[in-house]
1. Taking 0.36 nm per intervening residue step and subtracting the Cα-Cα distance, what contour gain separates Glu103 from Glu209 on full extension?
2. How far apart, in nm, are two points set 7 Å out from the Cα along the Cα-to-Cβ line at Thr172 and at Leu41?
3. Taking H as built 1.01 Å from N, whose amide H comes closer than 5 Å to the amide H of Gly194, not counting residues under 5 places away?
4. So, how do all the Cα-to-Cα distances of region 145-247 break down into 10 Å bins, in percent, from 0 on up?
5. Compare the peptides 143-152, 162-171 by average per-residue count of other Cβ atoms within 10 angstrom and give them in order, highest first.
6. Neighbouring Cβ atoms within 10 Å as the yardstick, rank Cys227, Cys46, Cys174 fewest first.
7. Quote the Stokes-Einstein diffusion coefficient, in whole µm² s⁻¹, for region 26-106, based on the Kirkwood radius over alpha carbon pairs, a temperature of 10 °C and a viscosity of 1.306 mPa s.
Amino acid sequence: MSVPYETAAYEPPESPESPEEHLMRLLGRALNSFELPDEVLRRLDCALAHDGSLHSAHHSAGLHRETYRHTWLLADGSALTLWELVHNTAPGSEPQHEVYVDEEELRTAGSRLALPPDTPDFELPVQVQLSPVPTPRHAYVPDASADHARRLLRRAENADRPGADLADRLSTACGHQITQAFGGPGRASRARVGFSLYEHAFLLRDGVEVSLWEVEHTATPDGRHMCEVYDSEDTARRAMERRAEQVSP
């Protein structure tokens with residue numbers, strides 16, 4: 001008679017894990033985790049939420065095979081799934097874990113086991129219920145985002161730039177996007193004076209979105225380029241207005 005594993009013993013719901021911790025635990029127990037493509041791991045670096053569920057199980061004469069579906073919600077709003085195969089090689093032996101990118105690879109791996117591959121004891125419909133995380137406002141790029149925040153703050157010349165507390169929070173950034181914000185004041189009389197406003201949006205590892213607003217202008221006594229950074233769009237636009245007024249006749 002088949003007795004499927006208790007899923008609560010496998011993934012304790014009362015033990016909260018971050019998406020990163022869930023991934024590290026999965027990769028740590030999988031014998032073939034080194035075979036996963038680098039691109040898959042890079043995408044998972046900015047996961048916002050995760051869910052793991054038992055997909056199917058087969059038990060016979062002390063041998064067992066279970067498959068689990070692990071799904072992550074990514075920063076761009078898409079989802080990525082890894083499939084885990086858990087089995088033993090002899091009655092009473094320790095379980096072995098393998099991980100695969102798609103379900104077809106999972107089936108191929110399962111067909112090599114001693115258990116019949118075609119008729120599992122039961123198969124569960126997959127109902128992934130991810131943690132409630134708001135859909136990100138931006139499509140973030142996980143590309144040295146924390147370093148990008150450090151460099152942006154370092155080149156800011158305004159005395160009222162964001163302080164150490166915000167800089168510390170941005171050290172956990174795992175994705176960012178730069179967009180130009182239009183509608184600057186455009187009131188400077190000298191043609192050589194120019195203003196630009198950019199939003200640098202960052203996604204932190206806890207799912208929080210933080211933006212820095214960069215003002216680039218040449219409203220300086222010698223016309224040189226200057227960078228100022230603010231923690232809100234309103235503050236940045238007021239700074240642009242002040243600079244424009246300073247160069248008005």
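1. Numbers: separation 106, 0.36 × 106 = 38.16 nm, distance 3.30 nm.
Here the segment from Glu103 to Glu209 would lengthen by 34.9 nm.
2. Placing both labels 7 Å along Cα→Cβ, they lie 2.3 nm apart.
3. Result for Gly194 returns Thr218, Ala219.
4. Taking all Cα pairs of region 145-247, the binned fractions are 15, 48, 27, 9, 1 percent.
5. Numbers: 143-152: 16.5, 162-171: 13.8.
Result, highest mean Cβ count within 10 Å first: 143-152, 162-171.
6. On the way: Cys227 17, Cys46 25, Cys174 21.
With the fewest neighbours first, Cys227, Cys46, Cys174 line up as Cys227, Cys174, Cys46.
7. Numbers: Rh = 13.6 Å.
For the chosen part, D equals 117 µm²/s.
Just so you know, all these numbers are worked out from the coordinates, no wet-lab data involved. Predicted model, so just to flag it, every value in this text is computed and none were measured. When we count neighbours, we look across all protein chains shown, and the Cβ atoms used for this are built from the backbone with ideal geometry, even at glycine.
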